[in-house]
Amino acid sequence: MRTRLPALSLAALLVASPLLAACGGDDEGGGDDTVDGGEIGDPTAIAGPDEPSDTDPNCPFGAKALVKATGLNFLAKDNCTFVVKKGPARISVSQNAAADNETFEQTRKSYEDQYANYEELAVDGYGYAAWSDDELNIQVGYLDNGGEYRYAISAVAPADAGAEDVPGLAEQLIALTVESRDKK
């Protein structure tokens, strides 16, 4: 079963203060203040550059990489929008800069309130998935030092894309984002 990370304020998401790291002390007790092996606020626990980027990232992957990751026959339609040739399946990705980002926490909270299902994701950075009961309307958000990415997924069943469940599909897309972005 997945564990839910505590909701974080925008300041906690984006600020990696050396003062906060210095206040950590020698406590080896290992509390709940970790994200994938690093302290919250520790820039080494977040994918992307060492500091939050102040430019909007490009689309992190193309149709070929998406087809390889999901096994579904996606075609590129518009800027970072992918559709299957026959059928309603669609994935679109919007991107914003990581630095001075004011939308991630607002959007996350909105989806948590709006959707019947919501889960924080175990990723290098900060991520969530929100979805309808039929799993055919999915919203995924991801923020790391490289940028903020929002994935709108329609009519893509997680099992059809090689994922166990919605959070698995979300983590699969985020991993593809980080992997593809690192190759550029």
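The values are calculated or read from the model by the stated rules, or taken from the named source; none is laboratory data. Predicted, not measured: the structure shown is a model, and the values here were computed from it. Glycine also receives a Cβ, built like all others from the backbone with ideal geometry; neighbour counts cover every protein chain displayed. Just so you know, the surface numbers come from the protein's heavy atoms only, side chains and all, with ligands and any DNA or RNA stripped out. Shrake-Rupley method; radii C 1.70, N 1.55, O 1.52, S 1.80 Å.
Per this entry, ALA129 is not counted among residues that are closer than 19 Å to VAL84 by Cβ, among the hydrophobic types (A, V, I, L, M, F, W, C) and in a strand (DSSP E or B). Scanning segment 92-126 for residues that are under 16 Å from ASP165 (Cα atoms) and part of a strand (DSSP E or B) turns up ASN117, TYR118, GLU119, GLU120. Filtered by the rule that a residue be open to solvent by 20 Å² or more (accessible area, probe 1.4 Å) and either touching a strand residue (DSSP E or B) at 6+ places or on another chain (Cβ under 7 Å) or among the polar types (S, T, N, Q) (or both), segment 157-174 gives a lone residue, GLN172. ARG181 - would you say it is under 18 Å from PRO60 (Cα atoms) and in a helix (DSSP H, G or I)? Criteria met by ARG181. If you go through segment 134-156 and keep only what is out of contact with any helix residue (DSSP H, G or I) (no Cβ under 8 Å at 6 or more places or on another chain) and either surrounded by 20 or more Cβ atoms within 10 Å (Cβ to Cβ) or at pLDDT below 95 (or both), you end up with ASP134, LEU136, GLY147.
Among residues belonging to segment 69-83 that are farther than 18 Å from TYR149 by Cβ and at pLDDT below 95, point out the one that is most open to solvent (accessible area, probe 1.4 Å). My answer is ASN73. For segment 78-91, which positions are within 17 Å of the chain's Cα centre (by Cα) and in a strand (DSSP E or B)? THR81, ILE91 - these are the residues of segment 78-91 that are within 17 Å of the chain's Cα centre (by Cα) and in a strand (DSSP E or B).
Open to solvent by less than 10 Å² (accessible area, probe 1.4 Å), touching a helix residue (DSSP H, G or I) at 6+ places or on another chain (Cβ under 7 Å) and modelled with pLDDT of 95 or more - does that describe any residue in segment 95-117? No; the residues of segment 95-117 include none that is open to solvent by less than 10 Å² (accessible area, probe 1.4 Å), touching a helix residue (DSSP H, G or I) at 6+ places or on another chain (Cβ under 7 Å) and modelled with pLDDT of 95 or more.
Could you please let me know if CYS59 is surrounded by 15 or more Cβ atoms within 10 Å (Cβ to Cβ) and at positive phi? In short, no. When segment 149-160 is filtered for residues that are outside any loop (DSSP other than H, G, I, E, B) and either closer than 23 Å to ASN58 by Cβ or not aliphatic (A, V, I, L, M) (or both), the ones remaining, listed by number, are TYR149, ARG150, TYR151, ALA152, ILE153, SER154, PRO158, ASP160. So, in segment 122-133, of the ones that are more than 20 Å from PRO52 (Cα to Cα) and touching a residue at least 24 places away in the same chain (Cβ under 8 Å), which residue ends up surrounded by the fewest Cβ atoms within 10 Å (Cβ to Cβ)? Among those residues, the one meeting the criterion is TRP131.
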